[in-house]
């Protein structure tokens with residue numbers, strides 16, 4: 001397992017994104033390290049922190065670090081998408097919901 005982790009770590013560095021690492025590779029490393037169940041729990045935790053940040057913004061309180069919390073949610077969410085192979089299903093639902101939103105917006109503007 002350690003050898004696999006070392007190989008994966010090297011691959012993460014070979015195909016960089018703006019931050020200097022391959023994003024998807026890092027997600028796989030995290031899943032290998034902590035497993036799906038722990039990352040599902042982490043997603044719940046990160047979503048809760050985002051809710052707190054949004055609530056602070058709505059109520060005009062300081063410390064509404066929405067961008068940071070969204071980044072945390074997205075990082076863990078991407079891991080879950082990979083682990084549960086949800087990419088195609090999410091794509092389908094997202095397109096349906098965007099179409100519904102578009103129809104609602106264009107209907108209301110007539």
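Read-outs throughout are calculated quantities, based only on the coordinates presented, and are distinct from any laboratory measurement. It should be emphasised that the depicted structure is a prediction, and the values quoted were computed from it without experimental measurement. As a convention, Cβ positions derive from the backbone with ideal geometry for all residues, glycine included, and neighbour counts pool all protein chains shown.
Sorted ascending by nearby beta carbons within 10 Å, beginning with the fewest, 76, 44 become 44, 76. For 102, 27, the sequence from fewest to most other C-beta atoms within 10 Å is 102, 27.
In plain terms, the residue of 72, 88, 32 with the fewest other Cβ atoms within 10 Å comes first and the most crowded comes last, giving 88, 32, 72.
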